[in-house]
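See below for the structure under consideration.
The values are calculated or read from the model by the stated rules, or taken from the named source; none is laboratory data. Predicted model, so just to flag it, every value in this text is computed and none were measured. Don't worry about glycine lacking a Cβ; one is built from the backbone with ideal geometry, like all the others, and counts go over all protein chains shown.
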Amino acid sequence: MKHERQAGILLHPTSLPGPDGIGDLGPAAYQWVDSIKQAGFSLWQVLPLGPTGYGDSPYQCFSAFAGNPFLISPALLLDEGLLHLSDLDDRPLLPEDNVDYGKAINWKNTLLQRAYSRFNKVHPPLLTDEFNEFQENEKGWLGDFSLFMAIKENMGGIAWNEWPKELRKRNKKSLSEFAQFYSDEILYHQFRQFLFFRQWMQLHTYVNDMGIKIIGDIPLFVAYDSADVWANPDLFFLDNEGDPEFVAGVPPDYFSATGQLWGNPLYKWDHHKQTDYAWWISRTKSTLSMFDFIRLDHFRGFAGYWEIPAGMPTAEKGRWVKAPGADFLKRVSAVLGSLPIIAEDLGLITPDVVELRDHFDLPGMKIFQFAFASDPADPFLPHNYPVNCVAYTGTHDNDTTVGWYDNAPEVERDFCRRYLASDSNGITWKMIRALWQSPARVVIAPLQDFLSLDTSARMNYPGRLGGNWTWRMASRGLPDELINRIKEINWLYNRLPELQEEKKKKG
């Protein structure tokens with residue numbers, strides 16, 4: 001990342017406002033970018049943008065390469081002529097302050113089917129050429145993904161390990177016959193991916209033109225019920241029937257007394273190494289085509305990961321297994337020429353994780369909310385931050401800062417007030433100010449904290465099934481008063497891009 005002091009804001013596109021039940025990549029996204037530019041941000045952080053599966057989690061996607069079609073903007077499809085205003089006449093009444101995934105997905109599916117039908121009827125020459133080019137450029141993953149999704153829908157949505165054996169085991173003749181019979185369904189899924197990437201790349205270009213970079217996310221593990229695992233079983237610890245032998249998670253920590261049982265299949269790292277990490281290199285390149293920087297989620301898993309035997313009810317029973325992180329990152333660096341990576345180094349961090357992070361000079365993460373459980377030497381307190389880190393009030397996995405303070409033990413609340421030399425009034429902004437003052441090169445806070453919202457605006461409860469990822473902002477863009485307030489602290493603590501440009505000109 002740049003050597004200048006920078007500030008960023010965390011907001012996932014599903015949280016943007018709009019009339020179609022879920023935030024998307026249309027007009028509200030552009031207004032959002034305009035407003036964060038005015039506020040003096042140089043970074044916008046998002047969560048993974050893949051097609052979500054069970055629980056609507058962006059960390060459990062049907063593909064590590066594909067995009068989420070429900071982020072496609074109907075307004076932009078109207079501009080393209082792929083939708084007409086009459087197509088919106090039957091829009092259902094959808095909540096504006098949260099995402100009702102069931103209703104939103106049904107509505108978006110209806111619109112996307114209409115857009116596909118019109119595309120097939122009209123075949124607009126320019127768009128058709130672009131679609132053909134997209135299919136060619138993305139053939140490394142697009143064919144498997146669209147086939148996977150078509151089979152999955154044909155099977156009523158069940159996981160791939162429950163499909164008939166010939167499809168589960170990827171029998172060539174059976175797959176060929178299916179692909180021939182359901183060619184239109186397969187093409188439809190490819191068309192949705194084309195629309196998603198077209199809209200996202202246009203937005204990404206706009207963001208960059210505004211002088212803002214996007215931080216994206218690579219979850220270390222992929223979902224079991226995904227095209228990645230179905231199409232590449234040799235890369236994972238699976239038995240002869242395709243079921244996981246071991247699954248991912250973390251042992252008990254400050255998030256959960258029984259640990260977190262994620263259930264993702266584990267990598268056969270020896271096999272990855274033998275292929276020069278080809279799948280991982282493709283995945284990293286694909287992600288970096290979408291973002292300017294990537295946050296490696298669960299970075300400690302590249303040094304060692306928690307192996308849980310499949311079938312365990314919790315993550316308490318397992319063992320640590322060494323991973324080839326240094327060899328992997330060396331290979332990625334050789335291919336990419338640099339490592340535009342943030343290491344999510346939270347949780348149980350052992351010396352090998354620190355050594356791996358520091359050997360490749362990767363910035364780690366600091367969470368201000370974690371700072372008040374010990375004493376003034378706590379590494380999460382701003383005065384103890386190294387320059388090379390990315391510091392947050394909290395992330396999508398934490399409570400909002402107001403919610404954290406309201407629910408924290410009194411001993412932590414007292415320490416927080418003493419640290420800030422303040423009472424509890426306006427506690428969030430006092431924490432933001434202390435964070436912005438810190439030596440950390442990059443500081444980021446979720447939009448919910450800039451708005452001083454309580455627990456009701458929390459994005460995710462780790463380990464809780466259902467009810468996550470639903471929060472949405474109320475207005476398009478940031479209010480003028482908030483823009484001015486943010487710009488002031490960005491100026492005061494030397495985090496405005498304009499200040500950095502002036503400094504460069506002066507030499």
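Worth pointing out:
- Just so you know, in region 379-408 the residues that are free of Cβ contacts under 8 Å to residues at least 40 places away in the same chain, in a helix (DSSP H, G or I) and of a type outside the set (S, T, N, Q) include one that is nearest to residue 424 (Cα to Cα), and it is 405.
- Residue that is surrounded by the fewest Cβ atoms within 10 Å (Cβ to Cβ), among those in region 197-233 that are among the polar types (S, T, N, Q) and more than 18 Å from the chain's Cα centre (by Cα): 205
- Odd one out for residue 288, checked against (1) outside any helix (DSSP H, G or I); (2) touching a helix residue (DSSP H, G or I) at 6+ places or on another chain (Cβ under 9 Å): (1)
- Picking from residues in region 406-433 that are of a type in the set (A, V, I, L, M) and surrounded by fewer than 21 Cβ atoms within 10 Å (Cβ to Cβ), the one that is farthest from residue 474 (Cα to Cα) is 411.
- Residues in region 171-200 that are farther than 20 Å from residue 138 by Cβ and assigned to a loop (DSSP other than H, G, I, E, B): 171 alone.
- All positions within region 1-44 that are among the charged types (D, E, K, R), over 17 Å from residue 58 (Cβ atoms) and at pLDDT 95 or above: 5, 20, 34, 37
- Residue count, region 484-499 (criterion: surrounded by fewer than 19 Cβ atoms within 10 Å (Cβ to Cβ) and either at pLDDT 95 or above or under 25 Å from residue 459 (Cα atoms) (or both)): 8
- Residue match in region 128-148 (condition: farther than 14 Å from residue 191 by Cα and modelled with pLDDT under 95): no
- Within region 51-65, residues that are farther than 14 Å from residue 152 by Cα sit with their Cβ atoms under 6 Å from residues that are modelled with pLDDT of 95 or more and in a loop (DSSP other than H, G, I, E, B), at 6+ positions apart or across chains, in these pairs: 56/469; 58/47; 58/48; 60/223; 64/222.
Matching residues to (1) under 20 Å from the mean Cα position of the chain (by Cα); (2) in contact (Cβ under 8 Å) with a residue 12 or more places away in the chain:
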{"residue": "241", "(1), (2)": "no, yes"}
{"residue": "256", "(1), (2)": "no, yes"}
{"residue": "261", "(1), (2)": "yes, yes"}
{"residue": "268", "(1), (2)": "no, yes"}
{"residue": "278", "(1), (2)": "no, no"}
{"residue": "283", "(1), (2)": "yes, yes"}
{"residue": "288", "(1), (2)": "yes, yes"}
{"residue": "293", "(1), (2)": "yes, yes"}
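- Odd one out for residue 346, checked against (1) modelled with pLDDT of 95 or more; (2) crowded, with 18+ Cβ neighbours inside 10 Å; (3) closer than 23 Å to residue 223 by Cβ; (4) not acidic (Asp, Glu): (1)
- Whenever a residue of region 165-194 is without any contact (Cβ under 8 Å) to a residue 60 or more places away in the chain, its partners that are surrounded by 16 or more Cβ atoms within 10 Å (Cβ to Cβ) and among the acidic types (Asp, Glu), lying with C-beta atoms within less than 9 angstrom and at least six residues away or across chains, give the pairs 190/138.
- Within region 409-424, the residues that satisfy the criterion of being at negative phi and either touching a strand residue (DSSP E or B) at 6+ places or on another chain (Cβ under 8 Å) or not in a helix (DSSP H, G or I) (or both) are 409, 422, 423, 424.
- The condition (being in contact with a helix residue (DSSP H, G or I) (Cβ under 9 Å, 6 or more places away or on another chain), in contact (Cβ under 8 Å) with a residue 40 or more places away in the chain and surrounded by fewer than 22 Cβ atoms within 10 Å (Cβ to Cβ)) is satisfied by just one residue among 74, 17: 17.
- Filter result for residue 443 (part of a helix (DSSP H, G or I), of a type outside the set (Asp, Glu) and touching a Leu at 6+ places or on another chain (Cβ under 7 Å)): no
- Selection status of residue 101, over 30 Å from residue 264 (Cβ atoms) and at pLDDT 95 or above: no
- Of 356, 339, all but one fail to be hydrophobic (A, V, I, L, M, F, W, C), within 30 Å of residue 287 (Cα to Cα) and in a loop (DSSP other than H, G, I, E, B); the exception is 339.
- Any hit, region 312-321, residues being under 24 Å from residue 52 (Cβ atoms), under 22 Å from the mean Cα position of the chain (by Cα) and either assigned to a loop (DSSP other than H, G, I, E, B) or of a type in the set (Phe, Trp, Tyr) (or both): no
- Scanning region 201-234 for residues that are charged (D, E, K, R) and in a helix (DSSP H, G or I) returns 209, 228, 234.
- Residue in region 291-299 that is hydrophobic (A, V, I, L, M, F, W, C), in contact with a Ser or Thr (Cβ under 8 Å, 6 or more places away or on another chain) and part of a strand (DSSP E or B) present: yes
- In region 307-325, the residues that are buried (at least 21 other Cβ atoms within 10 Å of the Cβ) and either of a type in the set (S, T, N, Q) or in contact with a Leu (Cβ under 9 Å, 6 or more places away or on another chain) (or both): 308, 315, 325
- The set of residues in region 145-163 that are in a helix (DSSP H, G or I), surrounded by fewer than 20 Cβ atoms within 10 Å (Cβ to Cβ) and under 25 Å from the mean Cα position of the chain (by Cα) contains only 153.
- Residue count, region 453-507 (criterion: assigned to a helix (DSSP H, G or I), within 29 Å of residue 19 (Cα to Cα) and not small (Gly, Ala, Ser)): 8
- A single member of 130, 96 is part of a helix (DSSP H, G or I), in contact (Cβ under 8 Å) with a residue 12 or more places away in the chain and under 26 Å from residue 13 (Cα atoms), and it is 130.
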